[in-house]
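**Q** Quick one: the structure is below, questions incoming.
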Ligand SMILES: Nc1nc2c(ncn2[C@@H]2O[C@H](COP(=O)(O)OP(=O)(O)OP(=O)(O)O)[C@@H](O)[C@H]2O)c(=O)[nH]1
Ligand SMILES: [Mg+2]
C-alpha cells in the first residue's frame with residue numbers, strides 16, 4: 001500500500017458511503033475501508049448469522065426463522081421521506097438504478113391508549129377519530145393557511161410572521177387543542193420533543209409541507225423503503241464510488257490514526273501497514289468512541305435504545321399493514337421524547353414470509369432504558385424474539401479543518417434520513433471548503 | 001406479439017482477463033488495446049433478438065474493482081439472472097480464480113442463475129496455457145455453459161451472449177419476465193419509481209440542473 005490517496009474513508013455506513021461516492025465522482029482518489037466484513041457499519045442490514053454474531057455470539061439462529069439469506073435486519077430504524085433530501089441525492093447520483101423501492105403502507109399515531117391512522121387524504125381526515133367535528137374545522141383552516149402561504153404575498157400571511165412568531169402563536173391563532181398540536185408537531189412535523197413550540201414557526205412549517213407533499217407523492221404514507229433493507233443504500237453509493245475509481249477494502253482492522261508533530265493527519269495503519277492520505281473521513285467508532293484513553297475526538301451526546309422485535313403477525317390495529325410507522329408522542333406517555341415503532345416485513349424482502357420485523361426506539365431518559373420503550377412494545381402483541389441495543393450517540397469535538405480529520409455523527413433517533421443528509425452536507429463543506437451542489441451524473445463514459 | 005425479457009447479467013473474473021473488453025465488444029462493437037482497469041462504465045445494457053422474435057435485454061453489471069480486495073457487495077449478486085465468469089486462456093492462474101468465483105456464485109447467488117465460463121483472448125492462442133479440454137471438462141462437471149472468445153477480434157462474443165439469452169427464459173420461466181423484481185424496467189416495477197416522480201408544484205425539477 002505505497003500509493004497515496006486524497007481521502008481515506010473509514011466505515012461504510014450510509015453517511016460515509018455517500019461522501020465517498022460524491023468525492024470519487026469529483027475525481028478524488030478515495031480509499032474506503034471497514035473493519036467489518038460487510039457493508040453498512042452502524043446502518044447495515046444484517047442476515048440472521050450476522051445478527052446473532054452481534055447480539056448472541058454463543059447461539060445459532062432457530063431454524064424456524066427460515067433461511068439466513070432471506071433476512072436483512074436493519075440496525076437503525078429509518079424510512080426515506082419521499083420528497084426529502086436523501087431522495088434528491090439518490091436521483092441526482094443515479095444510484096436509483098441499483099435500488100428498488102416500495103412504499104411504507106401506513107403511518108399511525110398513538111392517542112389516549114389507541115392507535116389511529118395519520119390521515120393521508122381529505123376523506124380520511126374527515127373520518128379520522130383523531131379530532132372532533134369542530135376541531136376538524138379549525139385544523140382545516142390551519143392546513144389551508146399553510147398550503148396557501150407565499151412568502152412574497154403578505155395577503156396569505158394572516159398577520160403571522162413565520163420567522164418571528166412561535167409555533168405556539170400559530171397554534172393559538174387557529175385555536176388548536178393540545179391533542180391536535182401533538183399530532184401536528186410529532187406525527188407530521190416529526191419532532192421528537194416539544195422544544196419546537198416556543199421557537200419560530202418556519203422550520204415547523206417547512207416540515208409539515210415536506211410531510212404533506214411526501215404523503216401526496218405515493219398516497220399511502222410519506223415514506224418509501226428500499227427492497228432488501230436499508231443496507232442497500234450504503235452499498236449502492238459504495239458502487240458509485242467504485243465505478244469512479246474508489247478502492248474498497250472490507251475486513252480491515254484499523255490500528256491507528258497517524259498524525260504528525262502538529263497533530264495533523266498523515267495516514268491510517270491497518271495490519272501493520274500505513275496508508276498515506278491528505279484527509280481522513282470516518283464514523284465515530286474509528287476515532288475513539290467508547291474507548292478509554294487517547295485523544296478525545298468525539299463526545300457522547302446521549303443514548304438511543306432500540307429493540308429489534310420479530311413478530312409472527314402484523315401489528316394489531318394497523319389494518320394488517322405489511323409495514324408502518326407508529327409514533328407515540330411524548331405527552332401521551334409522560335416522556336420528554338417520542339417513542340417510535342418502525343415495522344417492515346416479507347414484502348420488502350427483509351425477512352422470511354409471515355415474519356414481521358418491528359423496531360421500537362427512543363432517546364434514553366433514565367437508567368432503565370428497556371422500561372422506557374415498554375409502551376411501544378406493548379402495542380406489538382406477542383413478541384417472538386427481541387434484540388435490545390443501547391447505542392451512544394457521538395458527535396465530533398472539532399470540525400477537522402485544523403488536522404484534516406473529519407468525523408461523522410452517529411445515526412440519531414429520528415425516523416428518517418434528513419439529519420443524515422445534513423451531516424453529509426456539513427462534512428462535505430468541512431472537507432472541500434465548498435457547499436455540496438448536486439449535479440446530475442454524466443452518462444456512462446468508457447475508459 | 002413478441003415477448004420481451006430483461007435480465008441482470010454480472011461479470012466476474014480476475015483483473016485484466018478482459019471482462020470490460022467483452023462488454024465493450026458486445027455493446028458497442030469496439031476494442032481498445034490499452035484499456036485501463038474499469039472506471040466510470042460499470043452499467044450498460046444491450047438487447048439481443050432471438051430467432052422467434054423474442055427480445056432479451058441484458059442489464060450488464062461490471063465489477064467496478066470492488067472484487068479486488070474481496071469487497072464485492074451482496075447487492076452485486078442480488079437477483080442476477082446470469083453470470084459470465086471470464087478467464088484468460090494465456091494465464092492458467094486466471095482459471096483457478098474463475099473456479100473461486102463460480103463457487104462464490106453457487107453459494108451467494110440465486111440457485112437458478114445461469115453461469116457461463118468464458119475463456120477470453122482466443123486471438124493469443126499461440127500463448128495458450130489453458131487447454132480447451134481442461135476448461136470444458138470442468139464446465140461440464142459444474143453444469144456451466146462454456147466457450148472461448150476474443151474481445152479483440154470479436155470471435156465468439158455475440159455468440160456467448162445469445163446462447164445465454166436462449167437459455168434464460170427457459171430455465172427460469174415467469175420469474176425473469178420483465179417487470180418481475182429488479183430486472184424489470186422502471187415502468188414495469190411493482191414498487192415506486194423515484195426517477196419518474198413529479199416534483200411538487202412550485203419546486204424546480206430536481207433533474208434540470
Ligand atoms: N489480445 C487480447 N487482449 C485483450 C482481449 N480482451 C482484453 N484484452 C486486453 O486485456 C487488458 C485488460 O482488459 P480489460 O477488459 O480491462 O480487463 P478486465 O477484466 O475488465 O480488468 P479489470 O477491470 O481490471 O478487472 C486490456 O489491455 C485489453 O486490451 C482479447 O480478447 N485479446
Ligand atoms: Mg474491467
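**Q** Restricting to region B:4-183, what percent of DSSP beta bridges are antiparallel, rounded to 5?
**A** Close to 25 percent.
**Q** Note the angle between two axes, namely the Cα long axis of helix A:133-148 and the longest principal axis of the Cα atoms of chain A, as a number of degrees from 0 to 90, rounded to the nearest 10.
**A** That works out to roughly 50 degrees.
**Q** Consider just the alpha-carbon atoms of region A:119-218 and return their Rg together with their Dmax, both in angstrom.
**A** Rg, Dmax (Cα atoms, Å): 13.0, 36.
**Q** Quick one: Debye curve from the alpha-carbon atoms of region A:195-271 only, equal weights, vacuum; give me log10 I(q)/I(0) at q = 0.22, 0.23 Å⁻¹ to two decimals.
**A** Each listed q maps to, in turn, -1.06, -1.10.
**Q** Can you tell me the FRET efficiency between residue A:151 and residue B:133 if r is taken as the Cβ-Cβ distance and R0 is 56 Å, rounded to the nearest 0.05?
**A** The value I calculate is 0.15.
**Q** What fraction of the DSSP beta bridges in chain A is antiparallel, stated in percent and rounded to the nearest 5?
**A** Of the beta bridges lying entirely in chain A, close to 70 percent run antiparallel.
**Q** For region A:16-62, what are Rg and Dmax over the alpha carbons, in angstrom?
**A** 15.0, 47
**Q** Return the ratio Rg/(2.2 N^0.38 Å) for chain A, where Rg is computed over Cα atoms only.
**A** Scaled against compact globular proteins, the figure is 1.01.
**Q** Sticking with this structure for a sec: Sort A:45-55, A:194-204 by the packing proxy (mean of other Cβ within 10 Å over each peptide's residues), most packed first.
**A** A:45-55, A:194-204
**Q** Quick check: the angle from helix A:418-432's long axis to the longest principal axis of chain A, C-alpha only, nearest 10 degrees?
**A** The helix A:418-432 is inclined about 40 degrees to chain A.
**Q** I'd like the Kirkwood hydrodynamic radius of region A:246-388, using the inverse of the mean 1/r over distinct C-alpha pairs, in Å.
**A** For region A:246-388, inverting the mean 1/r across all distinct Cα pairs yields 18.6 Å.
**Q** Now for a separate question. Over the C-alpha atoms of region A:159-228, what are the Rg and the largest Cα-to-Cα span, Dmax, in Å?
**A** 13.5, 49
**Q** Also: Taking the Cα centroid of region B:89-135 and of region A:36-80, what is the distance between the two, rounded to the nearest whole Å?
**A** 33
**Q** Same structure, new question: Based only on the alpha carbon positions, what is the Kirkwood hydrodynamic radius of region B:4-183, in angstrom?
**A** Across region B:4-183, the inverse of the average 1/r is 16.3 Å.
Since every read-out is calculated from the coordinates, none of them should be taken as a lab result. None of the values given here were measured: they were computed from a predicted structure. Neighbour counts are summed over all protein chains in view; Cβ atoms, including those assigned to glycine, are modelled from backbone coordinates with ideal geometry.
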